[in-house]
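K.L.:
Quick one: the structure is below, and I'll ask about it shortly.
The values are calculated or read from the model by the stated rules, or taken from the named source; none is laboratory data. In this text, all values refer to a predicted model and were calculated from it rather than measured experimentally. Here the Cβ positions follow ideal geometry from the backbone for every residue, glycine too, while neighbour counts run over all protein chains shown.
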Amino acid sequence: MAWPTRLVYPLPDSLTPADGAMLEPLGVALHAVDLARLRTGMTVGVYGCGPIGLLVLQAARLAGATRIIATDRLPHRVRAARALGAEVAFLSRGGDENPGILTAAGGRGVDVAFECAGENDAVETAVETTGRGGAVLLAGIPAGDRIAFTASSARRKGLTLKLVRRMKHTYPRAIDLAARGLVDVRSLVTDTLPLDAYAEAFATARRREGVKVMIGEE
């Protein structure tokens, strides 16, 4: 494929092609954390622990978050969040987890919430569990074209809402973080199937049995 050289970034030998493919979601995570303007010592919520959520979790920790609370609907993703640095991780049950999140955040709510699920329940949880003057970053892509949240809660607390679209000038940083092992991209690739098994790969992704499904060489 022909591509302008100014838009091409060479990978160091320590990174595999699969690692390289993970730099795009890592870039989205870095862009989200940049928008959040995190400061050292903040408490962060990550709601939705697919690839982008798990990378946001790691990037937030590097940016200075000292308490990270995570949620997901799938038990294996909750376990992955704990393994990658979440202090507390809950199974998401339509908002039933909100009191536990508030307790884990010291009763005052998180400073910054990252919604990475693309589900309205996660948006509501982000708004309800963020403390006064906090920020909510909407990184998930919903199936439909509308989201909703309780306006009185967001208004009363004076929340800042920001929407995250892709990334902005993040590839050099993403490559450096992955190459130095400061962010773990490799463990997020849970399934790699050959090209002739593409139908199985897409079926596996739809079932959400792992975290990231790749088509390519092992």
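K.L.:
For residues in segment 128-178 being among the basic types (Lys, Arg) and over 21 Å from Ala29 (Cα atoms), which is farthest from the chain's Cα centre (by Cα)?
P.N.:
Within segment 128-178, the match that is farthest from the chain's Cα centre (by Cα) is Arg156.
K.L.:
Name the residue, out of Ile52, Ile69, that is modelled with pLDDT of 95 or more, within 14 Å of Ser187 (Cα to Cα) and either in contact with a Gly (Cβ under 6 Å, 6 or more places away or on another chain) or β-branched (Val, Ile, Thr) (or both).
P.N.:
Exactly one of Ile52, Ile69 is modelled with pLDDT of 95 or more, within 14 Å of Ser187 (Cα to Cα) and either in contact with a Gly (Cβ under 6 Å, 6 or more places away or on another chain) or β-branched (Val, Ile, Thr) (or both), namely Ile52.
K.L.:
With under 19 Å from Thr190 (Cβ atoms), at pLDDT below 95 and either not charged (D, E, K, R) or not in a helix (DSSP H, G or I) (or both) as the only criterion, which of Ala18, Ala81 stands out?
P.N.:
Ala18
K.L.:
Going through segment 10-28 one residue at a time, which ones are more than 9 Å from Ile175 (Cα to Cα) and touching a Phe, Trp or Tyr at 6+ places or on another chain (Cβ under 7 Å)?
P.N.:
Gly27
K.L.:
Let me ask another. Go through segment 188-217 and report how many residues are in a helix (DSSP H, G or I) and in contact (Cβ under 8 Å) with a residue 24 or more places away in the chain.
P.N.:
Counting residues in segment 188-217 that are in a helix (DSSP H, G or I) and in contact (Cβ under 8 Å) with a residue 24 or more places away in the chain gives 1.
K.L.:
Oh, and also: Those residues that are in a loop (DSSP other than H, G, I, E, B), surrounded by fewer than 20 Cβ atoms within 10 Å (Cβ to Cβ), among the small types (Gly, Ala, Ser) and on the phi < 0 side of the Ramachandran plot, I need them from segment 128-183; list them, please.
P.N.:
Across segment 128-183, the qualifying residues are Ala143, Gly144, Ala148.
K.L.:
Then there's this: Take Ala154 and decide whether it is in contact with a Gly (Cβ under 7 Å, 6 or more places away or on another chain), among the small types (Gly, Ala, Ser) and either farther than 21 Å from Ile52 by Cβ or touching a residue at least 40 places away in the same chain (Cβ under 8 Å) (or both).
P.N.:
Judged against the criteria, Ala154 is not a match.
K.L.:
Oh, and also: Just to be sure before I move on: is Glu87 of a type outside the set (A, V, I, L, M, F, W, C), in contact with a helix residue (DSSP H, G or I) (Cβ under 9 Å, 6 or more places away or on another chain) and without any contact (Cβ under 8 Å) to a residue 24 or more places away in the chain in the structure I sent?
P.N.:
Working: of a type outside the set (A, V, I, L, M, F, W, C): yes; in contact with a helix residue (DSSP H, G or I) (Cβ under 9 Å, 6 or more places away or on another chain): yes; without any contact (Cβ under 8 Å) to a residue 24 or more places away in the chain: yes.
Here the answer is yes, as Glu87 does meet what is asked.
K.L.:
Could you list all residues from segment 30-76 that are over 15 Å from Gly118 (Cβ atoms), part of a strand (DSSP E or B), in contact (Cβ under 8 Å) with a residue 60 or more places away in the chain and of a type outside the set (A, V, I, L, M, F, W, C)?
P.N.:
Answer for segment 30-76, where residues must be over 15 Å from Gly118 (Cβ atoms), part of a strand (DSSP E or B), in contact (Cβ under 8 Å) with a residue 60 or more places away in the chain and of a type outside the set (A, V, I, L, M, F, W, C): Thr43, Gly45.
K.L.:
Is at least one residue of segment 71-87 in contact with a strand residue (DSSP E or B) (Cβ under 9 Å, 6 or more places away or on another chain), crowded, with 24+ Cβ neighbours inside 10 Å and closer than 16 Å to Val136 by Cβ?
P.N.:
yes
K.L.:
Here is a further query. Which residues, counting only those in segment 192-204, are buried (at least 16 other Cβ atoms within 10 Å of the Cβ) and of a type outside the set (Ser, Thr, Tyr)?
P.N.:
Leu193, Ala201, listed by residue number.
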